[in-house]
Amino acid sequence: MAILKIQPVQSLDMPELALYLTLKRVEEHEQAGVVVAANSKTVKRLLASRHTVISALLTPEWLAKLEPQLRDRVEAELPVYVAEQKLLESITGYKMHQGALAVAKIPPLPDLETLLKQSSRPLLLAVVEGLASAENLGAVVRNCAAFGAHFLIVGETCGSPFQRRAVAASMGTIFEQPVVRVDSLLETLTALRARGVQCVAAHPQPGAKRLSAMDLRGDCCLVFGTEGPGLTPPVLAACSDAVEIPMPSYMNSLNVATATGIFLYEATRQRQ
């Protein structure tokens, strides 16, 4: 049980609050190895996770709501800074409807082999290539959690799923959903296929199969690229099948987060 070091805050000039004042400078957070949960839902999921919490910045109302969860943490001491709503709003520059923020350490991500050994069969994996949008990446993480993907593989050309906007878009599920980052997506897909994992590219093209015609009940890995260009030719060639979601001819693509949800739902539906 954590001992809470509750400290009222009248000014944001304290050095201990520096990380809360740099919400838009994500590079600084990554260099420091920290992640910021910037709304009540993500803070709740963070407190329920095994991630090491560094501190929390709350309004008095949110302190009252979260105090039991804070005290249940495993940290020996947990600094909790308490400020009024208007002071917190000066951090974001806009009116906040929630007054709860927290900082945690980004944990070391597991490696691919460890996750494969820990996962039940049949496998259901998702892969993303080239996702620069933190919001899209966070939404993909949320879809993986919602539809039971064993883990998400983030390619070397993607942003970090621990960026603040990605964490918010995931609704905090990044604190629960296993994620692995790989140095070579091409090598990873090749290795998965060598293990008998069906690698399915979500990529509309001439000759692509319809999603509803695919058998996704065995070990499979669903591979997604960016909207527009889609997957790069080498990654597409490394997949066993190219599959599309049927839609009218004047529509040729969907937002990657939407497509991820549709593909994962179909795989889950078939397995049920």
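So the values come out like this:
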| item | result |
| --- | --- |
| Test result for residue 158, within 26 Å of residue 111 (Cα to Cα), outside any helix (DSSP H, G or I) and hydrophobic (A, V, I, L, M, F, W, C) | yes |
| Residue count, the range 206-230 (criterion: in a loop (DSSP other than H, G, I, E, B), of a type outside the set (D, E, K, R) and modelled with pLDDT of 95 or more) | 4 |
| Positions within the range 130-146 being in a helix (DSSP H, G or I), farther than 12 Å from residue 261 by Cα and open to solvent by 40 Å² or more (accessible area, probe 1.4 Å), in sequence order | 135 |
| In the range 97-122, residue farthest from residue 160 (Cα to Cα) [restricted to those that are in contact with a Leu (Cβ under 6 Å, 6 or more places away or on another chain) and modelled with pLDDT under 95] | 99 |
| Helices (runs of 4 or more DSSP H) (entirely within the range 1-108) containing at least 3 residues that are open to solvent by 80 Å² or more (accessible area, probe 1.4 Å) | 26-32, 40-48, 60-71 |
| Exclusive hit being under 20 Å from residue 148 (Cβ atoms) and among the basic types (Lys, Arg), set 269, 210 | 269 |
| Scan of the range 181-205 for residues that are more than 20 Å from residue 226 (Cβ to Cβ) and either free of Cβ contacts under 8 Å to residues at least 24 places away in the same chain or not in a loop (DSSP other than H, G, I, E, B) (or both), ordered by number | 187, 190, 191, 192, 193, 194, 196, 198 |
| Given (1) closer than 19 Å to residue 139 by Cβ; (2) buried (at least 18 other Cβ atoms within 10 Å of the Cβ), number of the condition residue 199 does not satisfy | (1) |
| Filter result for the condition that a residue is surrounded by fewer than 15 Cβ atoms within 10 Å (Cβ to Cβ) and out of contact with any Cys (no Cβ under 6 Å at 6 or more places or on another chain), over 249, 253 | 249 |
| Single unsatisfied condition, residue 263 versus (1) open to solvent by 10 Å² or more (accessible area, probe 1.4 Å); (2) in a helix (DSSP H, G or I) | (1) |
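The values are calculated or read from the model by the stated rules, or taken from the named source; none is laboratory data. Here the structure is a predicted model, which is why all the values come from computation and not from measurement. All Cβ positions, glycine included, derive from the backbone under ideal geometry; neighbour counts span all protein chains shown. Just so you know, the surface numbers come from the protein's heavy atoms only, side chains and all, with ligands and any DNA or RNA stripped out. Shrake-Rupley method; radii C 1.70, N 1.55, O 1.52, S 1.80 Å.
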